[in-house]
Amino acid sequence: MKKLLSGNEAIARGAFEAGVDIAAAYPGTPSTEILENVATYKEIYAEWSVNEKVAFEVAFGAAVGGKRSLAAMKHVGVNVASDALMTASYTGINAGMVLISADDPGMHSSQNEQDNRYYAKFAQVPMLEPSSSQEAKDFTKLALEISELFDTVVMIRMSTRICHGKGVVQLEDRVPYMKKDYTKEPAKYVMIPGHARKRHVIVKARNAKLKEYVENVPVNIIEKGSSDIGIITSGVSYAYAREALPDASFLKLGMTNPLPINKIKSFVQDHQTVYVVEELEPFMEEQIEAAGLKVFGKDVLPDVGELSPELIRERILGVKTDVPQNGELPGRPPVMCAGCPHRAVFNALRKHRTTVSGDIGCYTLSTLPPLNTMDSCLCMGASIGMAQGFIRSMDKRKADRVVSVLGDSTFIHSGIPSLVNAVYNQAKITVVILDNRITAMTGHQENPGSGKTLLGDDVKPFDFEAVSRAIGAGYVRTVDPIDGMELDRVIGEAIEYQGTAVVIAKRPCVLVEPNQFPGIMKIDKELCTECKLCLRVGCPSISIHDGMVTIDQNLCFGCSLCQQVCPQDAIHRITS
Amino acid sequence: MPNTKNILIVGVGGQGILLASELVAKVALSKGYDVKQSEVHGMAQRGGSVSSNVRYGDVVYSPTIARGEADVLLSFELLESLRWLEYLSPRGVAIVNTQRIDPMPVASGKAEYPKNIEEKLQQKSHALYIIDGQRLAEQAGHIKAVNVALLGVLSTILEFDEKVWQTAIKNRVPAKTVDINFKAFNLGREAVSRN
Ligand SMILES: Cc1ncc(C[n+]2csc(CCOP(=O)(O)OP(=O)(O)O)c2C)c(N)n1
C-alpha cells in the first residue's frame, strides 16, 4: 500500500517494520512527531524521557539487553546525549540501535543550526542521510542492519524539510525481531580504562571495514547525466539539486559516514566540473579535498541557512530568478497566545526591574516587543546556571535582582542540577518555574509534571515544590499567575530573600485547557482613555484601530491580565 | 520538472492551512501522482506566518516551490497574500480570502497594515479570485470550515473531479462535521461562478 507520510512518520513506520521494540525521545522540533507516531504502534514500547541523554541511554540499554531500539532528538539534543554517544561507540551494541538526529538548517525553530554530521565522524559511527520520506523509512531499516553487522549505533541525520515534508511511501509489514540473548560481558560494556583501550582499537578496525562496506552500499547511487557537471550530494540537498540541475550527473550519497572515497574519486574523474552540494558546513567537501580531489562547494554555495533549487540554479548555472519585490511589509512574528499564563509573570517581572536569565520554551517569545523581558537565552536549562554567573559579575544593584525563568519541562530536563548548584554555592537568585503542566513549545507533549506518559498511563505528577524544598531552596512558593496581586507580592518577596528562592507559577496552558476562565473580556468605550497600557502586555487579542483599543472576542480567553493592568477600570468580564 | 503543479498555501497559524494542504496532497496522490508536501511546524499555533507547499507530477524532487513558480497561490489572509506574492508565477492564479488578521506590530500600533492589497494582487496575477471565506463558512454552518470553502474554490481550477475531493474530505474531517464541510466546499465552488 502507498501512503503519504512525513519523514518523521516514515521513520516511525520504518522502526515498526524493522521490529524495533523500544523507542525513547525528548521532544524537539523538527523531531517530535517521530515518537508521537512510534507510540501509535502498539507493538513498540515508547516513552518521553526527561531529556535526550536519558532517552539515548534507555534506547542503548534496550539494545544491549537484546532488543532493537531507536532514540530520536533534535540536533541540539544530541549535544545533551553526546556524553553517552561517544562511549557507546566503543562498547557497541547487541541488538541494533538507531539514533535519529533532526537538524534544523535555517533555524525554523532552533537556537542554532549546527551540522550534526560531524557527530557521526566525531563518535565514529556510521551515518545515513535520507532525502525523501520513502528513504527515511528504508534507511531506518538499513541502519538497524548496519548496526548489527558492525556492532555499533548508527545515526540517521534528518533535516527539517525531510522531517516535515510529506512524500509517497510504500508500506510493508512488520517483521518481528528475534530477541538476542544478553550475556554479561564486562570487557565490552564496562568502560574502565583497561577495557576502553582495547575497545578503541576495535573501533578503528570497525572503521576500516566500514570504509570498504560503504564503497558498495546500494544507497550510494550514480545517476548518469551529462559529463560536464557532476554533483555529489546527500539528504535534502539532493532533492534541491536534482530539481535545479536536470541535466547534470549525480553521485547521491545515502551513507555519508564514512564517505566512499574511491567511488567519489572515479566520479570526479569522469566529470569535467564537480560540485559538492551540501547544506551548512563543508562536511563532505573537506574530506574529498583532503583526498586530493578538485571539487567546488562552499566557494559558490552558502554555508549558512537552507539551500533551495533557486539558489543552486543561480550559483551553479548562473540563472537568476527575477521576481518583483513587494517592498517592506509588517512582519508576523509568532507571539505568546492570548490567555497564556506565562504573560502575567513577565508583566510582573518587568515591574520589578529584574535581569531575566531566560530559557527555551514558549516563554522565550516574551523577549519580543512589547514585553521585551528576557536578557538571555542560550540552551535548555542555562537560565539557572547563568544567573549564578550574573550575580557574581554584575553591579550589586543588578545582581540583587537576577531572576531565572524556565518552563516545567525545561526545569526537569536540565534545570535541577543547576538548582542544586545554586543552593550548594549559596547563590542569591530567584528561580521562577513556569509550570503550565505540559511541554507546550514543541506541540504539547506530556512530561513528568503532567502526570501522564506518552503511552497514556497516569502517574504521580512530579512535585516541583517538594523537589525544590528537598534540594534546599530556602524560599519556595507556588502561586497562580492570574492572581496578579499575589504574584507580585511573591516575586517581590523572593527577590528580597537572601538565598536561593523558587517561585512556581502554576496554571495549565490555555491551548490544553481553553475553558479555564469564565467568559471573556470587553473594553468599556466610555471609560477607556486610550492610555494603551493594556497593549503593553502583548496579547494578540488586543489591538488598536484609529486610536481605539479593542479586544477581539474570537481570540480572547478571558484571562483578565488586561483588566488587571487597566488603571481606569475600563475592562470587564462578560459571560453569556 | 516541467509538468509539476505547484500550489502554495499561506496564511496565519491556526487557520487550518495544514489540513487544507494535506487534502490537496491526498487528492493528487489518489490520482496516482508523485506528491511532495512541505511546511514548517513548530510555530504554527503561535500566530506566526505559515506556508505550505504542495507539488505533484510524474516525479517531484524538491519539497519546496521556487519564487515565481507557484501555479496557484491560495492565501487565507490578505497581508500574507502579499508577503508570498513573489512566489506566484506570472501565469499563476491567486485565490485570496478577504480576512484581515493584524500582526503584533500592527495590533500594537507600531506598523500599518498595507493598503490597496487587491490592486497589487490584480497586477501580479494572471487570474485573481477574492473570496469572503468567513461568510461562506458561516453559511455552511461553522466558521472553522473556511479552509474547506477555499478548497472548493481551488478545486475549480485543478483537474480533479468533485468526487475525489469529497472522498478526501470525508476521510479526513471528524464524522459529525462532514456535512458542514461538504456544504462549505460546494459554496466555494459556487462562489467562483459568481466571482
Ligand atoms: C536540548 C534541547 N532539546 C529540545 C529542545 C526543544 N525545545 C525547545 S523548548 C522545549 C520545551 C519547552 O517546554 P517547557 O519548558 O515546559 O515550556 P513551555 O513551552 O511549555 O512554556 C523544547 C523541548 C531544545 N531547544 N533543546
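The values are calculated or read from the model by the stated rules, or taken from the named source; none is laboratory data. In this text, all values refer to a predicted model and were calculated from it rather than measured experimentally. FYI the Cβ positions are ideal-geometry reconstructions off the backbone, even for glycines, and counts take in every protein chain you see. Remember, those area values only see protein heavy atoms, side chains included, never the ligands or the DNA or RNA. Shrake-Rupley method; radii C 1.70, N 1.55, O 1.52, S 1.80 Å.
Descriptive notes on the structure:
- Dipole-positive endmost among A:Tyr238, A:Leu533, A:Asn8 within the protein assembly as shown (Cβ charges, Cα centre): A:Asn8
- Residues whose amide H falls under 5 Å from that of B:Ile101, counting only those 5 or more places apart or on a different chain, are B:Leu78, B:Leu79, with hydrogens built in the peptide plane.
- Look at the dipole of chain A built from charges on Cβ: of A:Val295, A:Pro324, A:Gly61, the Cα furthest out on the positive end belongs to A:Gly61.
- Three-way shape label, chain B, alpha-carbon gyration tensor, a/c 1.5: rounded
- Ellipticity at 222 nm from helices only: DSSP H runs of n ≥ 4 in chain B, each -39500 (n - 2.57), divided by the residue count, give -11500 deg cm²/dmol.
- Put a plus charge on the Cβ of each Lys and Arg, a minus charge on the Cβ of each Asp and Glu, and nothing anywhere else: the dipole of chain B about its Cα centre is then about 220 debye.
- Positive-end extreme of charge dipole, the stretch A:350-502 - chosen from A:Asn372, A:Ile360, A:Val479 (charges on Cβ): A:Asn372
- For B:Ala70, the amide hydrogen comes within under 5 Å of the amide hydrogens of B:Leu88, B:Ser89, counting only partners 5 or more places away or on other chains and with H modelled in the peptide plane.
- For the stretch A:267-347, trypsin sites (Lys or Arg not before Pro) are listed when DSSP marks them as loop and at most 14 other Cβ atoms sit within 10 Å of their Cβ; the list is A:Lys294, A:Lys298, A:Lys320.
- Here the sum of -39500 (n - 2.57) over DSSP H runs of 4 or more residues, divided by the residues of chain A, equals -10000 deg cm²/dmol at 222 nm, to the nearest 500.
- In the complete set of protein chains, residue-level accessible area for B:Tyr87 is approximately 50 Å², probe 1.4 angstrom.
- For chain B, the share of DSSP beta bridges that are antiparallel, to the nearest 5, is 50%.
- Each Lys and Arg contributes +1 and each Asp and Glu -1, all at the Cβ; summed about the Cα centre of the protein assembly as shown, the dipole is approximately 840 debye.
- Considering only beta bridges that DSSP places wholly inside the stretch A:341-506, some 10 percent are antiparallel.
- Gyration tensor verdict on the stretch A:520-574 (Cα atoms; rounded if a/c is under 1.5, prolate if a/b is larger than b/c, oblate otherwise): rounded
- Gap separating the Cα centres of the stretch A:512-567 and the stretch B:45-75, nearest whole Å: 35
- Solvent-accessible area lost on pairing B with A (1.4 Å probe, both sides summed) amounts to about 4400 Å².
- Over all Cα atoms in the stretch A:396-507, the spread is summed up by Rg and Dmax: 14.3, 49 Å.
- Here is the list for the stretch B:56-117: GluC sites (Glu not before Pro) lying in DSSP coil, each with at most 15 other C-beta atoms within 10 angstrom of its C-beta, are B:Glu112.
- For A:Leu555, the accessible surface of its heavy atoms amounts to roughly 80 Å² (probe 1.4 Å, protein chains only, rounded to the nearest 10).
- Rel. contact order, % - alpha carbon contacts under 8 angstrom, at least six apart, the stretch B:5-194: 20
- Pairs of Cα atoms nearer than 8 Å and 6+ residues apart set the relative contact order; for the stretch A:341-506 it is 23 percent.
- Straight-distance crosslink candidates among lysines, where the alpha carbon sits under 29 Å from B:Lys176 and sequence neighbours closer than 8 are dropped: A:Lys2, A:Lys3, A:Lys42, A:Lys166, A:Lys452, B:Lys26, B:Lys31, B:Lys144, B:Lys163
- In a DSSP loop and with at most 12 other Cβ atoms within 10 Å, the trypsin sites (Lys or Arg not before Pro) in the stretch A:435-544 are A:Lys525.
- Cα centroid separation, the stretch A:105-144 to the stretch B:118-195 (Å): 39
- Convex hull of alpha carbon positions in the protein assembly as shown: directionally averaged projected area 34.7 nm².
- Counting Cβ atoms of other protein chains within 10 Å of each residue's Cβ and taking the mean over peptide A:320-326 gives 5.
- Prolate/oblate/rounded label for the stretch A:220-317 (Cα gyration tensor, a/c 1.5): rounded
- Ranked by solvent-accessible area (1.4 Å probe, protein heavy atoms only, all chains present), the residues B:Asp71, A:Asp303 order from largest to smallest as A:Asp303, B:Asp71.
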